[in-house]
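Visitor: My structure is below; once you've seen it, I'll send some questions.
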Amino acid sequence: MKELIRQLVEAYGPSGHEGQIRALIEEQVAPHVDDVRTDAMGNLIALKRGRPEAGGGGKSVMVAAHMDEIGLVVTYIDEKGFLRFAPTGGVSPMTLVGSRVRFANGASGVIGWEKWMRPEGATSRPDLSELYIDVGATSRDDAPVGVGDAAGFVRPFEDLGQRLIAKSMDNRISCAVAMQALFDLGDSPNDLYFCFTAQEEVGTRGAVTASYGIDPDLGLAVDVTLVGDTPKARPMAVSLGEGPAIKIMDSGMLAHPGVVRWMMETADALGIPYQREVLQGGSTDARSIQLSRAGVPSGCLSIPCRYVHTPSEMVDYGDVQQAVSLLVELLGQEIAL
Amino acid sequence: MILETLSNARGVSGNEAAVRDLILEAVREQIDEHQVDALGNLICLKKARAEGDGQPLRVMVAAHMDEIGLIVTGINSDGSLSFDKVGGIDDRVMLSKQVLVGDNAVPGVIGYAPIHLISPSERLKAPDMSKAVIDIGAANKGAAEGLVNIGDYVTFHATYQQLDNERLRTAKGKAFDDRAGCAVLVELLQSDYPVDLYAAFTAQEEVGLRGAQVAAYRINPDVAIALEGTICDDLPKEKDDDSSPVTQLGQGPAITFMDRSFIADRRLVDLLIRMAQQHDIPYQFKQAVSGGTDAGAMHLAREGVPSVAVAVPSRYIHAPVSLLSLNDFDHTVQLVRAALSALQGGLPS
């Protein structure tokens with residue numbers, strides 16, 4: 001599974017520019033599903049139809065893992081060829097100085113700060129308006145990209161054995177979990193819609209239209225969550241390596257109690273460790289699914305992750321594998337909430 | 001001129017009827033059907049006029065009728081009016097402005113202390129407008145109650161006027177956000193297209209894209225275009241400052257690639273650029289990811305709608321008076337007209 005993770009986390013795909021990551025996922029999931037389509041927002045929706053003989057009472061289940069990543073979008077190119085930019089999603093200026101980025105067409109650049117190595121830079125934090133991308137151009141005319149083009153971060157995947165580091169673990173690790181679960185699944189009584197959603201990082205937008213189109217009986221997001229196990233971290237009862245987390249609430253959603261119970265009971269029955277998650281700050285596609293049409297019972301399976309929204313996000317490989325096992329069991333059985 | 005008529009009309013969010021009536025009068029002869037929905041959106045259908053293969057695309061073009069303004073929240077014993085803002089208004093632009101209150105357009109001013117009474121240190125601070133009132137010159141509460149009611153909408157008082165007639169062809173007036181878009185859409189309805197054009201004059205955009213949300217659900221379009229009057233910050237400009245202007249006056253319609261409400265569909269952005277190049281129409285990008293438009297609501301309707309926004313750059317929006325170039329206005333009409341004509345047979349890939 002690590003090779004799948006490496007491919008996904010190293011791929012390019014800031015919000016609204018998911019074409020490359022979508023093609024990569026589509027190629028791998030297509031042989032395992034009955035239908036695959038891309039909707040107007042750019043969500044990839046892959047359907048594995050339920051088999052009645054696998055058990056009665058099949059539900060239509062939407063599994064959503066967003067494939068977009070945080071990034072930057074060019075707003076202006078000055079006469080010397082330096083690019084000013086705005087963030088797509090929650091990008092902290094603290095993580096940017098000296099970072100490398102890449103555009104859809106392969107052009108690369110480094111982020112500079114006007115105050116770097118200047119006295120005022122030693123005592124202040126960078127503001128986004130003081131940063132620029134240097135793509136090696138010498139004038140506006142020879143810049144290899146234009147206004148409106150988006151840049152993603154560039155970092156190689158690092159396999160530390162038990163722990164993995166990459167850019168965009170948020171949320172490619174969940175794409176990998178959903179894909180691996182699909183590969184491992186046998187027949188299921190449920191119609192399973194594996195959605196690799198677009199534009200989550202700018203406000204869980206892709207899931208809005210995907211869930212309207214699918215009109216599911218049950219929604220399950222797979223996403224990363226924050227942890228409280230690093231030095232002087234904000235207290236939070238989720239740690240790396242203690243199993244996937246089952247979301248009870250975050251700042252955008254209260255998970256359906258029946259969904260939470262179903263997830264915890266299934267994990268208990270399998271003997272998979274899990275952590276109870278209450279996330280203060282942030283939300284997931286489950287929020288959009290839950291509020292679709294007349295409402296959808298929804299929950300979220302979370303992968304604990306350190307350093308979220310930096311170019312070096314860390315997860316535990318055991319948590320990832322247990323998340324896959326739990327997801328396979330959840331989706332393969334008859335569901336009674 | 002329709003821009004002048006619409007700019008002078010009064011219609012704060014939730015109270016768009018006067019603007020709606022003027023628009024309907026201007027487009028009635030050009031459209032096949034129209035309806036006013038529950039939120040007050042005026043939805044006009046102009047059916048495809050060209051013979052083509054298959055079903056014509058359903059294209060929703062939206063411009064919002066509502067403008068930012070104020071609403072009366074209380075009538076005080078001294079005859080002054082307490083108020084709240086409707087839509088995003090910076091406190092600093094409200095000082096000492098002339099306003100019109102209610103359906104009867106009762107004149108009033110948002111008074112402020114004269115400079116004699118403001119200490120030098122206080123002059124450096126933004127005023128606290130929560131204590132400001134509208135003065136309609138009434139002697140007491142009873143007199144004021146004879147003229148206005150709690151809940152009355154308040155508009156800024158500014159009259160449309162053309163300024164430079166030669167080069168930039170500038171005009172000043174209130175509410176170019178988004179009467180400029182409404183006027184562009186009225187002009188667009190004068191032509192025929194190979195698509196079913198749903199011209200949606202929307203309500204309540206300034207309070208959260210509310211009208212467009214339900215209009216897009218009803219129309220269920222294949223493609224959506226928002227027409228706007230957008231930020232133009234080219235004045236005042238520091239000499240030799242090579243930082244990012246959002247838009248510049250006279251440089252053509254501004255195409256949005258992303259704002260806080262949506263990310264534009266790249267195919268539509270590319271279509272607009274191609275049409276601009278083909279027809280020799282100047283264009284620019286809205287070079288900041290700020291603000292939101294009806295496209296933010298339309299692109300999330302039902303199963304999602306490929307969307308884009310095109311705007312007439314307007315200096316000093318969300319203030320009592322703004323300023324635009326009629327060249328930009330005309331070029332916006334030309335650009336969107338060309339794009340609508342090019343949508344025959346579907347969205348380019």
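Read-outs throughout are calculated quantities, based only on the coordinates presented, and are distinct from any laboratory measurement. All figures in this text were calculated on a predicted structure; none of them were measured in a lab. Counting neighbours? That spans all protein chains shown, and the Cβs are built from the backbone with ideal geometry, glycine included.
Visitor: Can you list which of the trypsin sites (Lys or Arg not before Pro) found in segment A:273-337 are DSSP loop residues with at most 16 other C-beta atoms within 10 Å? Provide the component values of the computation, followed by the final result.
Guide: Details: sites: A:R276, A:R287, A:R293, A:R306; in loops: A:R293.
Passing both the DSSP loop test and the Cβ count: A:R293.
Visitor: Let me ask another. Express in % the proportion of alpha carbon pairs of chain B at distances exceeding 38 Å.
Guide: Numbers: 11188 of 60726 pairs.
Percent of Cα pairs beyond 38 Å in chain B: 18.
Visitor: While we're looking at this one, here's another question. List A:E3, B:E166 from most exposed to least, where exposure is judged by having the fewest other Cβ atoms within 10 Å. Can you show the working numbers first?
Guide: Values: A:E3 10, B:E166 6.
Ranking A:E3, B:E166 by Cβ neighbours within 10 Å, fewest first, gives B:E166, A:E3.
Visitor: Relative to the longest principal Cα axis of chain B, at what angle does helix B:210-219 sit, 0 to 90 degrees, rounded to 10?
Guide: 20 degrees
Visitor: Enumerate the lysines that B:K125 could reach by cross-link, defined here as Cα to Cα under 24 Å, with residues fewer than 8 away along the same chain left out.
Guide: The qualifying lysines are B:K85, B:K97, B:K237.
Visitor: Specify the angular offset, from 0 to 90 degrees and rounded to the nearest 10, of the alpha carbon long axis of helix B:17-27 from the longest principal axis of the alpha carbons in chain B.
Guide: 30 degrees
Visitor: Where the centroid of each part is defined by its Cα atoms, how far is segment A:190-206 from segment B:82-153 in Å?
Guide: First find each Cα centre; the distance between them is then 47 Å.
Visitor: Round to the nearest 10 and give me the degree value, 0 to 90, for the angle of helix A:317-332's Cα axis relative to the longest principal axis of chain A.
Guide: So the helix axis and the longest Cα principal axis differ by about 40 degrees.
Visitor: Still on this structure, please answer the following. Only counting other Cβ atoms within 10 Å, I'd like A:R102, A:R118 sorted with the fewest neighbours first. Walk me through the numbers before you get to the answer.
Guide: Values: A:R102 16, A:R118 10.
Taking fewest neighbouring Cβ atoms as first place, the list is A:R118, A:R102.
Visitor: Give the aspartates and glutamates whose C-alpha is closer than 18 Å to that of A:K48, dropping any in the same chain fewer than 8 places away, or say none.
Guide: Reachable aspartates and glutamates: A:E26, A:E27, A:D34, A:D35, A:D39, A:D184, A:D187, A:D191, A:D215, A:D217, A:E329, A:E334.
Visitor: Could you work out [θ]222 nm for chain A from helices alone, using -39500 (n - 2.57) per DSSP H run of at least four and dividing by all its residues? Round to the nearest 500 deg cm²/dmol. If you can, show how the numbers build up before the last one.
Guide: Working: 7 runs with 81 residues, N = 337.
Calculated mean residue ellipticity at 222 nm is -7500 deg cm²/dmol.
Visitor: Oh, and also: At a 10 Å Cβ-Cβ cut-off, how would you order A:E277, A:E69, A:E114, fewest neighbours first? Could you put the intermediate results ahead of the total?
Guide: On the way: A:E277 24, A:E69 28, A:E114 13.
Listed from fewest to most nearby Cβ atoms, that is A:E114, A:E277, A:E69.
Visitor: How high is the relative contact order of segment A:71-153? Use alpha-carbon pairs under 8 Å, at least six apart in sequence, and give a whole percent.
Guide: On the way: 167 pairs, mean separation 36.8, N = 83.
About 44 percent, as a whole number.
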